[in-house]
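Participant: There's a structure below that I have some questions on.
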Amino acid sequence: MVKKIAVLGLLVGIAFDMLPHAFEVVAKTNICRESCSNLLKIVSIVIYATLPIAWGTLLGIVIGKHHATRIVCISALFSLFIMAVLTWFLYKQQHP
């Protein structure tokens with residue numbers, strides 16, 4: 001059961017990773033990928049790799065706990081904030 005929950009968390013993390021692409025589609029614009037600075041590339045790769053792992057771990061730990069809903073909601077807001085900030089930095093790098 002824990003493995004299934006961890007896989008679900010991994011999928012949730014991947015869904016959050018898709019937010020910059022959703023922004024590209026909705027805004028009909030491109031955000032930088034290859035033309036970004038090296039630091040921004042490294043930061044984005046770390047965020048893209050860490051978010052699914054963190055969500056898989058988080059759901060595996062908190063499911064069934066007393067405050068699980070609150071922890072998941074706060075984590076979702078934090079993930080949305082992180083991805084919004086990353087998307088904004090990627091967009092500003094491409095469109096100064």
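Participant: Go through region 25-39 and give me each residue that's out of contact with any helix residue (DSSP H, G or I) (no Cβ under 6 Å at 6 or more places or on another chain), surrounded by 11 or more Cβ atoms within 10 Å (Cβ to Cβ) and among the hydrophobic types (A, V, I, L, M, F, W, C).
Facilitator: The answer is ALA27, and nothing else.
Participant: Looking at (1) modelled with pLDDT under 85; (2) exposed (fewer than 12 other Cβ atoms within 10 Å of the Cβ), which one does VAL46 not meet, given that it meets all the others?
Facilitator: (1)
Participant: Here's a follow-up. Quick one: VAL85 ticks every box in (1) open to solvent by less than 70 Å² (accessible area, probe 1.4 Å); (2) outside any helix (DSSP H, G or I); (3) without any contact (Cβ under 8 Å) to a residue 24 or more places away in the chain bar one, so which box is it?
Facilitator: Checking VAL85 against (1) open to solvent by less than 70 Å² (accessible area, probe 1.4 Å); (2) outside any helix (DSSP H, G or I); (3) without any contact (Cβ under 8 Å) to a residue 24 or more places away in the chain, the one that fails is (2).
Participant: Let me ask something additional. Has region 58-79 got at least one residue that is open to solvent by less than 80 Å² (accessible area, probe 1.4 Å), in contact (Cβ under 8 Å) with a residue 24 or more places away in the chain and touching an Asp or Glu at 6+ places or on another chain (Cβ under 7 Å)?
Facilitator: No, region 58-79 contains no residue that is open to solvent by less than 80 Å² (accessible area, probe 1.4 Å), in contact (Cβ under 8 Å) with a residue 24 or more places away in the chain and touching an Asp or Glu at 6+ places or on another chain (Cβ under 7 Å).
Participant: Given GLY9, GLY13, GLY56, which one is touching a Leu at 6+ places or on another chain (Cβ under 7 Å), closer than 17 Å to VAL85 by Cα, part of a helix (DSSP H, G or I) and of a type in the set (Gly, Ala, Ser)? Walk me through how you get there before you give the answer.
Facilitator: Numbers: GLY9 fails: closer than 17 Å to VAL85 by Cα; GLY56 fails: closer than 17 Å to VAL85 by Cα.
Step by step, each of GLY9, GLY13, GLY56 is checked, and only GLY13 is touching a Leu at 6+ places or on another chain (Cβ under 7 Å), closer than 17 Å to VAL85 by Cα, part of a helix (DSSP H, G or I) and of a type in the set (Gly, Ala, Ser).
The values are calculated or read from the model by the stated rules, or taken from the named source; none is laboratory data. All figures in this text were calculated on a predicted structure; none of them were measured in a lab. FYI the Cβ positions are ideal-geometry reconstructions off the backbone, even for glycines, and counts take in every protein chain you see. Accessible surface areas use protein heavy atoms only, side chains included; no ligands, DNA or RNA. Shrake-Rupley method; radii C 1.70, N 1.55, O 1.52, S 1.80 Å.
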